[in-house]
Amino acid sequence: MAQQKTTFGGIDILRFLAAVLVMVYHYGFWVWAYPDGISAQATGGVPAQPGIGAWVESGWVGVEIFFVISGFVIAFSAENSTPLRFFEARVKRLAPAVWICAPITAALLLLIGSTWPTDAVVRLARTALFAPYGPWVDSVYWTLGIEIAFYAIVWILLRLGRFHLMERVAIVIGLVSTSFWCLYYPSPRRAGCSSSWCIMAASSPSACSSG
């Protein structure tokens with residue numbers, strides 16, 4: 001019997017808006033504020049635009065919105081799943097996109113002269129294998145490490161038959177993550193960007209419920 005797919009109205013709209021925020025941030029701020037980045041190298045350098053930057057430099061919050069959505073959707077989809085089904089669904093969700101896009105990015109880096117063949121192969125291999133630390137073909141792949149770590153926790157709870165503990169696990173992750181980043185990165189912006197564990201965990205359905 002096929003499993004009925006549950007959808008939530010507004011989720012796709014939020015994802016689209018988050019994607020727009022991140023895109024505007026990268027092309028309206030990051031591309032000139034960080035001249036050593038891949039985006040700046042690929043465009044050949046962009047003059048500073050402080051007037052625009054003042055409006056779009058907070059677009060990184062789109063990544064946090066994605067983490068909120070992911071935390072909710074992943075935990076909800078896993079609630080009535082098995083470890084095997086959950087694992088298969090996550091692989092199908094991530095692997096095809098990475099294995100298609102990463103080689104294209106690597107080829108473009110070679111084309112514009114931003115890397116050399118040996119470095120490109122290393123970056124491509126690390127990206128394709130979902131290495132938690134760079135270098136990758138593009139720095140944006142850092143988010144996959146956060147996603148996969150959260151997948152692993154959910155999978156372990158499913159495997160142990162303890163998914164009902166998701167709420168407690170989410171609280172622990174949130175407290176530990178927030179404490180760590182507040183101590184080592186007191187800047188509000190960096191602490192906000194780095195406490196992605198907390199965001200994903202706290203947004204899970206079990207963490208949002210009282211029972």
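Quick look at the values:
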quantity: Spin-label model distance (nm) - residue 111 vs residue 85, 7 Å beyond Cα toward Cβ; calculated: 4.2
quantity: Spin-label pair residue 152/residue 27, simplified geometry with 7 Å Cα→Cβ offset, distance in nm; calculated: 3.5
quantity: Convex hull (Cα only) mean projected area of the range 20-159, reported in nm² to one decimal; calculated: 9.0
quantity: Residue 99 paired with residue 17, simple spin-label distance in nm, labels 7 Å along Cα-to-beta-carbon; calculated: 3.5
quantity: Rg to Rh quotient for the range 90-161, alpha carbon positions, Kirkwood Rh; calculated: 1.08
quantity: Heavy-atom accessible area order for 126, 85, largest first, 1.4 Å probe; calculated: 85, 126
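The values are calculated or read from the model by the stated rules, or taken from the named source; none is laboratory data. Quick caveat, the model's predicted, so the values are computed rather than measured. Methodologically, a virtual Cβ is constructed for each residue, glycine included, from the backbone with ideal geometry; neighbour enumeration extends over all protein chains shown. All accessible areas refer to the heavy atoms of the entire protein, side chains included, with ligands and DNA or RNA removed. Shrake-Rupley method; radii C 1.70, N 1.55, O 1.52, S 1.80 Å.
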